[in-house]
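The values are calculated or read from the model by the stated rules, or taken from the named source; none is laboratory data. Because the structure is predicted, anything quoted here is derived from the model rather than measured. Every residue, glycine among them, receives a Cβ derived from its backbone with ideal geometry; neighbour counts consider all protein chains shown.
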Amino acid sequence: MATILITGTNRGIGLEFVRQYAASGWDVIATCRQPAAALELRALAAATGRVSIETLDQADPADVAAFAARVAELELDILLHNAALLGPGEAQLLGRFDAAAFDAHYRTNALGPLLLTEALLPAVERGQLRKIVFLGSAAGSTAMLQPPANLYGYRGSKAALHLMVRNLSIDLKARGITVALVNPGLVDTRGLLDLPPDDPGPPDLAHLVKLVRAGLVPLIRAADSVTGMRLLIDEWTLERTGQFVNYDGQALPW
Ligand SMILES: NC(=O)c1ccc[n+]([C@@H]2O[C@H](COP(=O)([O-])OP(=O)(O)OC[C@H]3O[C@@H](n4cnc5c(N)ncnc54)[C@H](OP(=O)(O)O)[C@@H]3O)[C@@H](O)[C@H]2O)c1
């Protein structure tokens, strides 16, 4: 039986990854910050019997070390870094920069996945598939950057992650570990695609809802994104380690 560890699984894309891997017969170790409040995840665990839920705040190096010690004896086929911090947007605009907000972005999105990877390498080396997957972002690609300039903390921390993933792919190739960087696409994690036609959506997303309805923003469902990414992950071989790829298989520029 294959085992995958997925971070950030109480909502969004992470929850969908848990749903699909568990449905396909995988044993899933699902981490989140507050298991007691993760009602959908707990229901999924109870229904499938394949999901064990662990507490992890990856922004805290001490918590990463304590978590890694708790799961030290695992054999992991895939380590999937999904968790990340996106907002709030206001502190990420020129004129409103906030050092504490930047710190949270870098700790959560760049340092956390790196430290967790280092701590869990023995578990990945014991696994059969030896794959480490990172969810990157088109928003962290220098080559794809376009106006408006925003999300400085999120974009910068994802760009840092991207570079470190590339470094890791070089370090880990000799150890037979495949590293993958995947952009999930623009994914509807707030239910915007299911709003009734006359519902403008939440105030902070009303502009986005208009663009989506006008066909100007290609929002996709989490289920479709995750189905695409699982196929990619299945097929990713050591020869392709360190590549940056969209959920639909298209190669992306750095
Ligand atoms: N959705 C998109 O369109 C999109 C596009 C490009 C890339 N991505 C990437 O895809 C991944 C998933 O995105 P998503 O839209 O599903 O995100 P999301 O809905 O915002 O969920 C983020 C997850 O990360 C967790 N998280 C945040 N800070 C954490 C921390 N310090 N320690 C542990 N977990 C933490 C959250 O837990 P809490 O509930 O406790 O906050 C939540 O489970 C992210 O890496 C994101 O950058 C998403």
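Remark: pairs (first residue in the stretch 165-182, surrounded by fewer than 16 Cβ atoms within 10 Å (Cβ to Cβ); second residue part of a helix (DSSP H, G or I) and aliphatic (A, V, I, L, M); Cβ separation under 8 Å; 6+ apart in sequence or on different chains) = LYS173/LEU238; ARG175/LEU121; GLY176/LEU238.
Quick check on LEU211: is it within 14 Å of the ligand (Cβ to nearest atom), more than 20 Å from ARG11 (Cα to Cα), of a type outside the set (Ser, Thr, Tyr) and more than 21 Å from the chain's Cα centre (by Cα)?
Numbers: within 14 Å of the ligand (Cβ to nearest atom): yes; more than 20 Å from ARG11 (Cα to Cα): yes; of a type outside the set (Ser, Thr, Tyr): yes; more than 21 Å from the chain's Cα centre (by Cα): yes.
Answer is yes for this residue.
Can you name the residue in the stretch 115-153 that is of a type in the set (S, T, N, Q) and within 12 Å of the ligand (Cβ to nearest atom) and is also surrounded by the fewest Cβ atoms within 10 Å (Cβ to Cβ) among such residues? Ranking the qualifying residues of the stretch 115-153, first place goes to SER141.
Restricting attention to the stretch 139-173, the residues being within 23 Å of ASP234 (Cα to Cα) and in contact with a Lys or Arg (Cβ under 9 Å, 6 or more places away or on another chain) number 1. Filtering the stretch 46-68 to residues that are exposed (fewer than 14 other Cβ atoms within 10 Å of the Cβ) and either at pLDDT below 95 or part of a loop (DSSP other than H, G, I, E, B) (or both) leaves only GLY49. Checking each residue in the stretch 225-254 for being without any contact (Cβ under 8 Å) to a residue 24 or more places away in the chain and part of a loop (DSSP other than H, G, I, E, B) picks out GLY249, GLN250. Against the test of being more than 12 Å from the ligand (Cβ to nearest atom), of a type outside the set (A, V, I, L, M), at pLDDT 95 or above and not in a loop (DSSP other than H, G, I, E, B), the options GLY112, GLY156 yield a single qualifying residue, GLY156.
Would you say LEU205 is part of a helix (DSSP H, G or I), hydrophobic (A, V, I, L, M, F, W, C) and either away from the ligand (no atom under 14 Å from the Cβ) or more than 28 Å from ALA99 (Cα to Cα) (or both)?
On the way: part of a helix (DSSP H, G or I): yes; hydrophobic (A, V, I, L, M, F, W, C): yes; either away from the ligand (no atom under 14 Å from the Cβ) or more than 28 Å from ALA99 (Cα to Cα) (or both): no.
Judged against the criteria, LEU205 is not a match.
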